[in-house]
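The values are calculated or read from the model by the stated rules, or taken from the named source; none is laboratory data. Computed from a prediction, not measured in an experiment: that's the story for all the values here. Virtual Cβ from ideal backbone geometry, glycine too; neighbours counted across all protein chains shown. Keep in mind that these areas ignore ligands, DNA and RNA; they rest on the heavy atoms of the full protein, side chains included. Shrake-Rupley method; radii C 1.70, N 1.55, O 1.52, S 1.80 Å.
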Amino acid sequence: MNETNYLHTDRVLIVEGKYDAARLSHLTDAMILLTDGFGIYKDKKRQRLFKELARKNGLILLTDSDAAGFRIRNYITNLVGAQNVAQAYVPAIHGKEKRKPQPGKEGLLGVEGVDDALVLKALRDALGPELEAGPQAVPDGRQITYTDLYEWGLSGTAGSAERKAALLNQLGLPPRLSKKELVEALNRLYCFEELDEKIKTL
């Protein structure tokens, strides 16, 4: 991907599924989180995370152009407040993704199947002048790294899964965050020093 076509934003990009996320990861440096389709409706911890990140960083919503995508979009917008959301829309294009044996119910391409140029245009249109405004504030203090997760006993050590689960529960974060998602979320919400103090209480 040409650097001039790579989109930089501090907002958190919300998409429906893992194939959308994989597709978007080479187009933008945004933190990308999933709704797991309609799974967001019942996942209270993920809802809380979306609300917190929306308040601190703002969200970009990029869902499919079918009815299900719009239901998910409306639900999240109402959940976190329209003032915290930039709405990105891909056009309704008939077709099917290569990995699928048949088209979706409405016969439209999902986000994963839409051309890169159209996806980037949707994101740029949603962000507008904000793209030129520069980076948003992040918590003061040192950034959290994968090494910190190891040294805190949250990754790659005996009992790390249990310790990670306890921390996520204490912070009200979703239990199934990947290591990459976890580091990104922690850096959006805390600085190293602040989190270090919380971990000492585990």
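Starting from region 70-95, take each residue that is within 17 Å of residue 41 (Cβ to Cβ) and list its partners that are open to solvent by 70 Å² or more (accessible area, probe 1.4 Å), counting only C-beta distances under 6 angstrom and pairs at least six apart or across chains.
As it stands, the answer is 80/51, since those pairs meet every condition given.
Residues of region 151-180 being at pLDDT 85 or above and either within 23 Å of the chain's Cα centre (by Cα) or under 21 Å from residue 48 (Cα atoms) (or both), which ones? Reasoning before the result, please.
Looking only at region 151-180, we keep the residues that are at pLDDT 85 or above, and these are 151-167.
Within region 151-180, 154, 155, 161, 163, 164, 165, 166, 167 qualify.
Looking at 77, 28, 4 in this structure, which one is farther than 22 Å from residue 104 by Cα, at pLDDT 90 or above, open to solvent by 10 Å² or more (accessible area, probe 1.4 Å) and among the β-branched types (Val, Ile, Thr)? Outline the logic, then answer.
Numbers: 28 fails: open to solvent by 10 Å² or more (accessible area, probe 1.4 Å); 4 fails: at pLDDT 90 or above.
Checking each option against the conditions leaves just 77.
In region 35-46, is there at least one residue being outside any strand (DSSP E or B), surrounded by 17 or more Cβ atoms within 10 Å (Cβ to Cβ) and small (Gly, Ala, Ser)?
Within region 35-46, not a single residue is outside any strand (DSSP E or B), surrounded by 17 or more Cβ atoms within 10 Å (Cβ to Cβ) and small (Gly, Ala, Ser).
So which residues in region 59-68 are at pLDDT below 90 and surrounded by 22 or more Cβ atoms within 10 Å (Cβ to Cβ)?
Once the filter is applied, which keeps residues that are at pLDDT below 90 and surrounded by 22 or more Cβ atoms within 10 Å (Cβ to Cβ), region 59-68 yields only 64.
Condition first: among the small types (Gly, Ala, Ser) and open to solvent by 40 Å² or more (accessible area, probe 1.4 Å). Now tell me which residues in region 7-25 satisfy that. Lay out the reasoning, then the answer.
Keep residues of region 7-25 that are among the small types (Gly, Ala, Ser), which gives 17, 21-22, 25.
Within region 7-25, 22, 25 meet the criteria.
How many of the residues making up region 44-67 are touching a residue at least 60 places away in the same chain (Cβ under 8 Å) and small (Gly, Ala, Ser)?
Residues that pass the stated criteria total 1.
Give the residues of region 89-113 that are touching a helix residue (DSSP H, G or I) at 6+ places or on another chain (Cβ under 8 Å), assigned to a loop (DSSP other than H, G, I, E, B) and closer than 14 Å to residue 20 by Cβ, sorted by residue number.
Across region 89-113, the qualifying residues are 90, 97, 99, 110.
Within region 155-167, track down each residue that is touching a residue at least 24 places away in the same chain (Cβ under 8 Å), in contact with a helix residue (DSSP H, G or I) (Cβ under 9 Å, 6 or more places away or on another chain) and open to solvent by less than 50 Å² (accessible area, probe 1.4 Å). Even if it seems obvious, please write down each step before you answer.
Here is the first cut: in region 155-167, the residues touching a residue at least 24 places away in the same chain (Cβ under 8 Å) are 155, 163, 166-167.
Now narrow it down to the ones that are in contact with a helix residue (DSSP H, G or I) (Cβ under 9 Å, 6 or more places away or on another chain): 155, 163, 167.
155, 167, listed by residue number.
If you scan region 49-74, which residues turn out to be of a type in the set (Lys, Arg) and under 15 Å from residue 106 (Cα atoms)?
71
Within the set of pairs 6+ apart or on separate chains, which have a first residue in region 29-41 that is closer than 12 Å to residue 8 by Cα and without any contact (Cβ under 8 Å) to a residue 60 or more places away in the chain, a second that is among the hydroxyl-bearing types (Ser, Thr, Tyr) and open to solvent by less than 40 Å² (accessible area, probe 1.4 Å), and C-beta atoms under 9 Å apart?
So the pair list comes out as 29/9; 30/9.
Taking the condition of being in a helix (DSSP H, G or I) and touching a residue at least 12 places away in the same chain (Cβ under 8 Å), how many residues in region 169-195 meet it? Spell out how you get there, then give the answer.
Keep residues of region 169-195 that are in a helix (DSSP H, G or I), which gives 169-171, 179-189, 192-195.
Next, only the ones that are touching a residue at least 12 places away in the same chain (Cβ under 8 Å) stay: 170-171, 179, 181-189, 192-195.
The number of residues fulfilling the criteria is 16.
What about residue 86, is it part of a strand (DSSP E or B), at pLDDT below 95 and either within 16 Å of residue 121 (Cβ to Cβ) or open to solvent by 40 Å² or more (accessible area, probe 1.4 Å) (or both)? Give the steps one after another, and end with the answer.
Working: part of a strand (DSSP E or B): yes; at pLDDT below 95: yes; either within 16 Å of residue 121 (Cβ to Cβ) or open to solvent by 40 Å² or more (accessible area, probe 1.4 Å) (or both): yes.
So residue 86 fits the description; yes.
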